[in-house]
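The values are calculated or read from the model by the stated rules, or taken from the named source; none is laboratory data. Keep in mind it's a predicted model, so treat the numbers as computed, not measured. Please note: Cβ atoms are built from the backbone with ideal geometry, for glycine as well, and neighbour counts cover all protein chains shown. For the accessible areas, the whole protein counts, side chains as well, though only heavy atoms, and no ligand, DNA or RNA atoms are used. Shrake-Rupley method; radii C 1.70, N 1.55, O 1.52, S 1.80 Å.
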Amino acid sequence: MFMVTINQDKCEGCGSCVDACPAKILGMTEGKAEVIGDAADCLGCETCLELCPTEAFSIMEL
Ligand code: SF4
Ligand code: SF4
């Protein structure tokens, strides 16, 4: 199982991660990316981490 966290201070709201997440658990709230789905569905694919221009993501394997 993976735990994804988004540093809200770093997020610039480009929205790229939301469209790219294969598990569809990311969304935008007031211009910032957030985990809006079931965090337990995260696949740990690191797509979000790789494409985020501001390195806002961290992913931990639990
Ligand atoms: S890719 Fe990064 S900067 Fe863009 S919305 Fe997602 S977390 Fe924010
Ligand atoms: S690691 Fe993959 S499945 Fe998990 S939030 Fe990022 S893009 Fe989505």
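Could you check, for the stretch 3-13, whether at least one of its residues is small (G, A, S) and in contact with a helix residue (DSSP H, G or I) (Cβ under 9 Å, 6 or more places away or on another chain)? Scanning the stretch 3-13 turns up no residue that is small (G, A, S) and in contact with a helix residue (DSSP H, G or I) (Cβ under 9 Å, 6 or more places away or on another chain). One residue stands out in the stretch 48-58 among those that are within 18 Å of D19 (Cβ to Cβ) and within 9 Å of the chain's Cα centre (by Cα): the one that is farthest from ligand 1 (Cβ to nearest atom), namely L49. Cβ separations smaller than 9 Å between residues 6+ apart or across chains give the following pairs from the stretch 34-62 residues that are in contact (Cβ under 8 Å) with a residue 60 or more places away in the chain to residues that are open to solvent by 60 Å² or more (accessible area, probe 1.4 Å) and near ligand 2 (Cβ under 10 Å from one of its atoms): E61/M3; L62/M3.
With M28, M1 as the choices, which residue is at pLDDT below 95 and more than 9 Å from the chain's Cα centre (by Cα)? Spell out the reasoning first.
Details: M28 fails: at pLDDT below 95.
Among M28, M1, only M1 is at pLDDT below 95 and more than 9 Å from the chain's Cα centre (by Cα).
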